[in-house]
1. Count, please, the residues in the stretch 127-141 that happen to be surrounded by 13 or more Cβ atoms within 10 Å (Cβ to Cβ) and modelled with pLDDT of 95 or more.
2. Select from the stretch 208-240 the residues that are of a type in the set (Gly, Ala, Ser) and away from ligand 1 (no atom under 16 Å from the Cβ) and list them in ascending order.
3. Among what's in the stretch 164-192 and is aliphatic (A, V, I, L, M) and in contact (Cβ under 8 Å) with a residue 40 or more places away in the chain, pick the residue that is nearest to residue 232 (Cα to Cα).
4. Go through the stretch 1-105 and tell me which helices (runs of 4 or more DSSP H), entirely inside it, have 2 or more residues that are at pLDDT 95 or above and closer than 23 Å to residue 280 by Cβ.
5. Counting only residues that are under 26 Å from residue 231 (Cβ atoms) and exposed (fewer than 15 other Cβ atoms within 10 Å of the Cβ), which one in the stretch 76-107 is nearest to ligand 1 (Cβ to nearest atom)?
6. Of the residues 161, 117, only one is out of contact with any strand residue (DSSP E or B) (no Cβ under 9 Å at 6 or more places or on another chain), closer than 28 Å to residue 213 by Cβ, hydrophobic (A, V, I, L, M, F, W, C) and exposed (fewer than 15 other Cβ atoms within 10 Å of the Cβ); which?
7. Taking the residues in the stretch 194-214 that are away from ligand 2 (no atom under 16 Å from the Cβ) and under 12 Å from the mean Cα position of the chain (by Cα) as candidates, determine which candidate is nearest to residue 40 (Cα to Cα).
8. How many residues does the stretch 164-185 contain that are closer than 20 Å to residue 127 by Cα and loosely packed, with under 14 Cβ neighbours inside 10 Å?
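The values are calculated or read from the model by the stated rules, or taken from the named source; none is laboratory data. None of these values were measured; they are calculated from a predicted model. Backbone-built Cβ (ideal geometry, glycine too); neighbour counts: all protein chains shown.
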Amino acid sequence: MNTQTMKENINLTNMKEKSIAEIHAEHKQTIGEPFCDNVKFSTRNVDVFYADNQAIYDVSLDIGKNEVIALIGPSGCGKSTFLRCLNRMNDTIDICKVTGDLELDGTNIYSKNQDPVLLRARVGMVFQKPNPFPKSIYDNVAYGPRIHGLTKNKAELDELVEDSLRKAGLFEEVKDRLNSPGTGLSGGQQQRLCIARTIAVQPEVILMDEPASALDPIATAKIEELISDLSKNYTIVIVTHSMQQAARVSQRTAYFHLGKLIEVGETNQIFTHPRHELTERYITGRFG
Ligand SMILES: Nc1ncnc2c1ncn2[C@@H]1O[C@H](COP(=O)(O)OP(=O)(O)OP(=O)(O)O)[C@@H](O)[C@H]1O
Ligand SMILES: [Mg+2]
């Protein structure tokens, strides 16, 4: 073996020996394209703490109008925490503190003047586990519009409920039992009911935290189809553990690792030519 080859071999060995923890510790700045044109949400230098534990480190990310962006990364990397910053759901956790700049259409969503309830009407959320209210299918969807006074009379409310259920791809399945309890639907139907409930208040952004992880492949396919339809009118931020799902529904993907935003790019690029070693290891399943 000549000296050159020996040197290369030693370098390779050194590279292999670098642990994920070391690469993570060295990582200072998100690579790729965290910023975009036509911005709906702009987040800058976001840190999140749960008491003394920091869960998000200096994350800056733009989310474009009418784009679907997927947040991916290993369990505990802060995907849900970051998602909840976008409609101030973290406010409901006493020990949680969020710092940094978060703007929706150029307005600081953490300013004193911002009513979190009104913010959540503009930025709706769908959770991992469908959580219909213990009310009828109709009342689940009518709940938000009633609170926010979105309709003038019963006929308008009926129309909004039907329209929301149609957009969520559920109307045909439930039109004859609108007065039955929402909790009596199948899991996939309940999730579409929750999406209808979110759409009914006419949000601008929909946050989805693993919306299909509890569903079978058929129900999952319906939700994914729905996400594609909704993306014509809404901005969607989706957390998913399924890389196939991220690839199917999103245009951009953001990869998080232990609270840092490592890499952001076009979804295709992230999955075929990741630029950061941590992203590469994650998408090729070489972790640990
Ligand atoms: N309510 C909470 N109180 C204290 N710590 C929390 C709370 N929620 C999350 N954390 C911590 O913040 C970090 C990020 O958690 P988060 O739930 O955002 O991760 P995640 O990427 O959504 O994980 P998963 O894929 O498992 O859902 C973790 O270390 C977690 O323990
Ligand atoms: Mg989560």
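1. The qualifying residues number 9.
2. 219, 221, 228, 231
3. Here the answer is 168.
4. Passing ranges, in order: 79-85.
5. Checking each candidate, the answer is 101.
6. Step by step, each of 161, 117 is checked, and only 117 is out of contact with any strand residue (DSSP E or B) (no Cβ under 9 Å at 6 or more places or on another chain), closer than 28 Å to residue 213 by Cβ, hydrophobic (A, V, I, L, M, F, W, C) and exposed (fewer than 15 other Cβ atoms within 10 Å of the Cβ).
7. Restricting to residues being away from ligand 2 (no atom under 16 Å from the Cβ) and under 12 Å from the mean Cα position of the chain (by Cα), the top hit is 205.
8. 1
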